[in-house]
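Q: Dropping a structure here in structure tokens format, bear with me for questions.
Read-outs throughout are calculated quantities, based only on the coordinates presented, and are distinct from any laboratory measurement. What you are looking at is a predicted structure, and each value in this text was computed from that prediction instead of being measured. Cβ atoms come from the backbone with ideal geometry, glycine included; neighbour counts cover every protein chain shown.
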Amino acid sequence: GFGFPGVRVDGNDVLACLAVTRSALERARRGEGPTLVEAFTYRMGAHTTSDDPTKYRADEERAAWEAKDPILRLRTYLEKAGHADEAFFTALEEESETLGKRVREAVRAMPDPEPLALFEHAYADGNSVVDEERAQFAAYQASFADSAEEGK
């Protein structure tokens, strides 16, 4: 192993994920180090816009995973346990739409980050490979500035 525990959890079970991540957090807060959490789930969508998952996935496979939709599972649990009703979920959806709109507007209003910022905070301590890649990318960017100057 790598010197710390690992836990595999049903990534489509919100309550199981909550229990596992709480346990990992408590362990870390006690100073016992990290915990690897592998949340096993299923990618419902395609890899890319040019991907066609029907070429390599059976309809039955997709249908089986659709039945395990984590949002639907949690909603069903909350309703059956008497913790939430239709009015709650309607209000939640409206609040989510409003919040989502505000967040999207705020993000669009943010300035674009400097491209080289991509290399910051990749590691706690310096890393020669990242430093080399940063220098290569900086040179690549500079080549565009040179081309723009030549075109004037």
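Q: Using only Cα atoms, locate the centre of the range 44-66 and the centre of the range 9-42, then give the distance between them in Å, rounded to an integer.
A: 27 Å
Q: Please give every one of the aspartates and glutamates within straight-line cross-link reach of residue 101, meaning a C-alpha to C-alpha distance under 20 Å, and leave out same-chain neighbours fewer than 8 residues apart.
A: Reachable aspartates and glutamates: 93, 112.
Q: Right, something else. I'm spelling it out carefully: the read-out is percent of Cα pairs over 25 Å apart, the candidates are [x] 43; [y] 66; [z] 31, and one was derived from this structure. Which label?
A: Label [y] holds the value from this structure.
Q: Helix 70-80 versus the longest principal axis of the chain: what is the Cα-based angle in degrees, 0 to 90, to the nearest 10?
A: With both axes taken from Cα atoms, the answer is about 30 degrees.
Q: For a quick check: with amide H placed at 1.01 Å from N, whose amide H comes under 5 Å from residue 7's, ignoring anything fewer than 5 positions away on the same chain?
A: Long-range HN contacts for residue 7: 36, 37, 38.
Q: Could I ask something else about it? Quick one: angle between helix 86-109 and the longest Cα principal axis of the chain, in degrees between 0 and 90, rounded to 10, please.
A: 0 degrees
Q: Do any GluC sites (Glu not before Pro) in the range 59-88 lie in a loop, going by DSSP, with at most 16 other beta-carbon atoms within 10 Å of their beta carbon, and if so which?
A: Counting only loop positions with at most 16 other Cβ atoms within 10 Å, none of the GluC sites (Glu not before Pro) in the range 59-88 qualifies.
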